[in-house]
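No value in this document is a laboratory result; all are computed from the given coordinates. What you see is a predicted model, and the numbers here were worked out from it, not measured in a lab. As a convention, Cβ positions derive from the backbone with ideal geometry for all residues, glycine included, and neighbour counts pool all protein chains shown.
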Amino acid sequence: MPMKLTLESIEDLINTIIGEDVIPLIKILYNKDNISEFKLAEMLNVTVNQIRNMLYRLYEQNLVVYMRKKDKKKGWYIYYWSLNQKGIGNSILKTKLKQLDDFKIRIAREQDSQFFVCPNACMRFPIETAMEYEFRCQECGSLMKELDNKKTIENIKNMITTLENEIVILRTIPVKVKKERVPKEKTKKVVKKIVKEKVIKEKKVAKEKKAPKEKPKTVTKKVTKKVSKVKKKKI
Ligand SMILES: [Zn+2]
């Protein structure tokens, strides 16, 4: 059955390949899709530029996706971000496959060689080196004993089994279908906020500018029109 990646496994990956500072952002995006940069900055109490920096670092590694929507009033795009479950799954998978390779090399080495250790735990040698030293510890001179590495081999075997199971699960992570549009409510909220700010700004500018020749009525009309448009949208 396909399953969602755990927050813990995502955090492990982020810590390793991106950096600890991005974890709070990951926690927010883990619980909710399509959040704008502005909203994220507000939620984390950092600047929009700081948020963008984090998002681009994640984006470079294919760990987040965005959807942009043009703000009709301002003419610029607002970006809405989500975690890229598929990309994250692939990254974790890659890391696990590498670990699996390493363990396989290690277990082969353990199985193929014989090791000798000092009873005082000073050193450990492969048999060839131990023979060179006539099985004497080079630190304390004790006679070295053959190391029983059955336990070590057993441990590595267990780790390999765990990794192989995790890899099977990771391969079932479904592709995240890209949504076509932002949910209505969110867009409205953002647009409403921006329009509201613009109206306030315009009012302020109009007040300051108040040149004698200017017709204040025009400005008022424009503002009223915008406000009514917002009201209409709200309905
Ligand atoms: Zn020793």
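Computed over the alpha-carbon pairs of the range 7-83, the distance histogram in 10 Å steps reads 18, 55, 22, 4, 0 percent, short to long. Shown here is the pair-distance distribution of the range 80-131: with all Cα-Cα distances grouped in 5 Å bins from zero up to the longest one, the shares run 5, 16, 13, 13, 12, 9, 8, 7, 6, 6, 3, 2, 1, 0 percent. Amide H contacts of Ser142 (H built 1.01 Å from N, in plane; Pro and chain starts excluded): Cys137 sit under 5 Å, all sequence-distant by 5 or more or on other chains. Phi-derived couplings, Karplus 6.51 cos²θ - 1.76 cosθ + 1.60 at θ = phi - 60°, listed residue by residue for the range 114-126: 10, 10, 10, 10, 7, x, 8, 6, 6, 8, 9, 10, x Hz, with x used for Gly and Pro. With the charge dipole of the range 7-83 set up from +1 on Lys and Arg Cβ and -1 on Asp and Glu Cβ about the Cα centre, the Cα lying farthest toward the positive end among the listed residues Asn53, Ser36, Leu7 is that of Ser36. In plain terms, the chain from Glu8 to Arg124 could stretch by 38.1 nm, reckoned as 0.36 nm per residue minus the Cα-Cα distance. Remark: Arg57, Arg136, Arg171 ranked as Arg171, Arg136, Arg57, counting other beta-carbon atoms within 10 Å and listing the fewest first. Residues whose amide H falls under 5 Å from that of Asp71, counting only those 5 or more places apart or on a different chain, are Trp76, Tyr77, Ile78, with hydrogens built in the peptide plane.
With θ taken as phi - 60° and the Karplus curve 6.51 cos²θ - 1.76 cosθ + 1.60 applied, the whole-hertz 3J(HN,Hα) list for the range 7-13 is 4, 4, 5, 5, 4, 4, 5 Hz, x standing for glycine and proline. With the simple spin-label model, which puts each label point 7 Å out from Cα in the Cβ direction, the Cys140 to Arg106 separation comes to 2.6 nm.
The per residue volume of the convex hull around the alpha-carbon atoms of the range 89-170 is 94 Å³. For Phe116, the residues whose amide H sits under 5 Å from its own are Phe125, Ile127, Leu147, ignoring neighbours fewer than 5 places away on the same chain, with H placed 1.01 Å from N.
Placing dummy labels 7 Å off each Cα toward the beta-carbon, the span from Leu93 to Asn62 is 0.9 nm.
Between Trp76 and Thr162, full extension at 0.36 nm per residue minus the direct alpha carbon distance yields a gain of 26.1 nm.
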